[in-house]
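The values are calculated or read from the model by the stated rules, or taken from the named source; none is laboratory data. Just so you know, these numbers come straight off a predicted model, no measurement behind them. In this analysis, Cβ positions are derived from the backbone assuming ideal geometry, glycine residues included, and neighbour counts consider all displayed protein chains. We work out accessible area using only protein heavy atoms, side chains counted, and drop any ligands, DNA or RNA first. Shrake-Rupley method; radii C 1.70, N 1.55, O 1.52, S 1.80 Å.
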Amino acid sequence: MYNRPINVAIAGLGFGAEFIPIYLKHPDAKLAAICQRTRAKLDEIGDAFHIEKRYTDFDEMLLDPDIDAVHINTPIPDHGQQSIKALRAGKHVACTVPMATTVEECEEIVALSREKNLTYMMMETVVYAREFLFMKELYDKGELGKVQFLKASHQQDMDGWPGYWPGLPPMYYATHCVGPVLGLMRSEAEYVSCFGSGTIREEMHGFYGSPFAVETTHIKFRNSDVGAHIYRSLFDVARQYRESFEVYGSIKSVEWPLIEGKPLVVHTAKRPEPEIPEETECPDFAHLLPAEIQAFTRQGVYDADDHQHLSFTQGGGHGGSHPHLVHAFLHALKTGAQPYPNAVQSANITCVGILAHASAQQGGALIQLPAFTLSK
């Protein structure tokens, strides 16, 4: 708990730059430093936002005693080890998705956060997107009735993205669809079964030893009669970018639009058949945030099209989630409360994807989530 502004450092200034002005304007934060391997990029961003402390070396930055917390936005293969290093250095950690690329790294992050009494939060955008917050509000008010089934997808064309992406098994980056199905009721996955479908072009098979164009997973929730279905594609599937989440309840169901920018569809039971579905414009939830950062639910860092990050040109700005993520992390540090998702919940969400791919390699075998990903 802090009775002063929290000194945050941002590592990785591609997607990470989207968060700089949010931290600069949040009343509980001080942006203490930025870190980027490329000096020219580091100085460009540092000069633009007048940030004095700049590091090209992540390990050197961790030696800075003035830094309380690190927000990691580096390439996926670095997430696990950099989170581990930061926790060992006594820093709280916010990390973009996924938590790590191996079950072992996830386990170490959970163990270190407990051992050192530090906060870890995986910055999963979908569980703070306005569409998810709308469905969560309906659920919390009881308007959905009994939740019977959940479904989510994340489909994206990754051609042209950085070099660690080609051939990536779809479920290795599944948190955008795992997060919301588990997050609505704050559920935990108990076991998974996954099938691969289709084939990506042969020159990509060798990178990860995976041929699958699509992976589709069923998740059995722990201590619940509810299950979820998720599917994911990265290459050689014709589809507009879509991070979708759908919930089917006994009173109301909500479906994500098929085309980006279209309204949600809310289905209400027991109406005359033509009146059951209703297109619904999703409200914004900026009112949940400090006034200083409310504008960032509707805009990115850069207004010029030639500077927009791909999360805006493809992903619609992640549903206005960025300021909500920052606020949730800082609120946890200020109050000592657990953020969502905390280390254990992040491990459960991430390991669903890792183990789902293992299941696909075994023809759909049931695979249990490890005990460290489950609450006591």
- Residue satisfying condition, being open to solvent by 70 Å² or more (accessible area, probe 1.4 Å), on the phi < 0 side of the Ramachandran plot and not acidic (Asp, Glu), within set LEU87, LEU31, LEU63: LEU63
- Could you tell me which numbered condition GLU215 fails, if it satisfies all but one of (1) on the phi < 0 side of the Ramachandran plot; (2) open to solvent by 10 Å² or more (accessible area, probe 1.4 Å)? (2)
- Message: So ILE6 ticks every box in (1) at pLDDT below 95; (2) under 22 Å from ALA337 (Cβ atoms); (3) surrounded by 19 or more Cβ atoms within 10 Å (Cβ to Cβ) but one. Which box is left unticked?
- Response: (1)
- Query: Can you name the residue in the stretch 138-159 that is of a type in the set (D, E, K, R) and in contact (Cβ under 8 Å) with a residue 12 or more places away in the chain and is also most open to solvent (accessible area, probe 1.4 Å) among such residues?
  - Reply: LYS146
- Message: For a quick check of your reading of the model, give me the residue pairs whose first member lies in the stretch 160-177 and is over 15 Å from MET99 (Cβ atoms), whose second is aromatic (Phe, Trp, Tyr) and surrounded by fewer than 18 Cβ atoms within 10 Å (Cβ to Cβ), with beta-carbon atoms closer than 7 Å and at least 6 apart or on different chains.
- Response: PRO166/PHE207; GLY167/PHE207; GLY167/TYR208; LEU168/TYR208; PRO169/TYR208
- Message: Let me spell it out: the conditions are (1) of a type in the set (A, V, I, L, M); (2) more than 26 Å from VAL8 (Cα to Cα); (3) surrounded by fewer than 12 Cβ atoms within 10 Å (Cβ to Cβ); (4) at pLDDT 90 or above, and ALA291 meets all of them except one. Which number is the exception?
- Response: (2)
- Message: With the condition being of a type in the set (Gly, Ala, Ser), within 21 Å of the chain's Cα centre (by Cα) and closer than 21 Å to LEU150 by Cα, I'd like the strands (runs of 3 or more DSSP E) fully within the stretch 207-277 carrying at least 3 qualifying residues.
- Response: 227-233
- Task: Report the residue count in the stretch 268-288 for those that are at negative phi and open to solvent by 50 Å² or more (accessible area, probe 1.4 Å).
- Result: 12
- Query: So which helices (runs of 4 or more DSSP H) are wholly in the stretch 300-376 and hold at least 1 residues that are open to solvent by less than 30 Å² (accessible area, probe 1.4 Å) and modelled with pLDDT of 95 or more?
  - Reply: 322-335, 343-361
- Can you give me the number of residues within the stretch 106-160 that are more than 28 Å from GLN294 (Cβ to Cβ), assigned to a helix (DSSP H, G or I) and acidic (Asp, Glu)? 3
- Residues of the stretch 234-261 that turn out to be touching a Phe, Trp or Tyr at 6+ places or on another chain (Cβ under 9 Å) and either under 18 Å from ILE354 (Cβ atoms) or free of Cβ contacts under 8 Å to residues at least 40 places away in the same chain (or both), as a count: 2
